[in-house]
Structures are given as C-alpha cells and as structure tokens.
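Notes to accompany the following structure.
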Amino acid sequence: MKKKHIGSDFDDFLREEHLLDVSEATAAKRVIAFQIAQKMRRRRRTKSEMASRMKTSRPALERLLDPANPSVTLSTLERAASAVGKSSRPNWRSLEPGRGGEAVGDPENQFSGIQVE
C-alpha cells in the first residue's frame with residue numbers, strides 16, 4: 001500500500017525553522033481577538049463602553065482586538081472577558097511526544113492557550 005503523504009508535516013517544518021512557537025502564539029492571539037470582538041457584537045457593546053468596563057483606554061482595547069498585535073497580557077484578557085460577562089481560563093492539554101517543545105514542570109499539564117467562555 002502506498003503512503004498518501006511523503007515527508008514531514010507542516011508543524012515539523014515550522015519546528016525545524018524555529019517558527020512553531022511564534023506561529024502558535026499568533027494563531028492563539030487571532031482566535032482570542034475574534035472571540036472577544038464576537039462577544040462584544042452579541043452584547044452590543046461599543047469599543048468605548050468595553051474599554052470603560054475594562055477600566056482601560058480605547059487604544060489599549062484596539063491593541064487587544066488587533067489580531068496582528070501580539071502584545072497582550074493575561075490581565076488584559078481577564079478584564080476583557082469579564083467585561084463581556086465571561087471568564088477566561090487556561091487551556092491545558094497533555095504534551096504530545098515531539099509536539100509543542102519541552103514541557104516546563106509536569107509534562108502532563110502543558111499550557112496550550114486561553115479560552116474565553
């Protein structure tokens with residue numbers, strides 16, 4: 001039987017080029033920005049109202065909602081989630097062999113992102 005795919009997968013390529021962590025962080029930021037913007041629309045919150053609820057400035061909220069801006073703190077995420085009536089929590093997963101780099105601490109509990117619920 002012939003193999004359907006030959007060679008390594010895209011994650012292996014990114015890992016070899018030392019780009020996997022950056023790619024995963026960028027993807028996570030884009031998802032978080034999308035989730036927060038979506039929840040703002042559902043609750044009909046303006047950016048000004050959202051910034052006020054977060055006790056921050058509108059430019060700070062703009063940075064949070066900008067998927068291309070990687071600088072966001074856990075504190076900002078917590079305030080944003082709270083402002084739309086949700087909570088953010090770490091999302092933990094088992095570390096797969098050869099995936100996600102080296103585990104810090106317990107390899108059974110590798111951090112994989114934040115989820116806004």
| Pair list, Cβ under 6 Å, 6 or more apart: the stretch 14-40 residue small (Gly, Ala, Ser), other residue surrounded by 15 or more Cβ atoms within 10 Å (Cβ to Cβ) and assigned to a helix (DSSP H, G or I) | 23/14; 33/65; 37/65
| Residue selected from the stretch 15-55 under the condition over 13 Å from residue 80 (Cα atoms) and small (Gly, Ala, Ser), by the criterion surrounded by the most Cβ atoms within 10 Å (Cβ to Cβ) | 28
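Can you give me the number of residues within the stretch 56-68 that are in a loop (DSSP other than H, G, I, E, B) and under 20 Å from residue 85 (Cβ atoms)? First the steps, then the outcome.
Initial filter on the stretch 56-68 (in a loop (DSSP other than H, G, I, E, B)): 56-57, 66-68.
With under 20 Å from residue 85 (Cβ atoms) added as a condition, the list becomes 56.
Counting residues in the stretch 56-68 that are in a loop (DSSP other than H, G, I, E, B) and under 20 Å from residue 85 (Cβ atoms) gives 1.
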| Of everything in the stretch 56-94 that's among the polar types (S, T, N, Q) and either surrounded by 15 or more Cβ atoms within 10 Å (Cβ to Cβ) or farther than 18 Å from residue 29 by Cα (or both), which residue is modelled with the lowest pLDDT? | 94
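The values are calculated or read from the model by the stated rules, or taken from the named source; none is laboratory data. Owing to the predicted nature of the structure, the values given are computational and were not obtained by experimental measurement. Because the Cβ atoms are built from the backbone with ideal geometry, glycine has one as well, and the counts that use them run over all protein chains shown.
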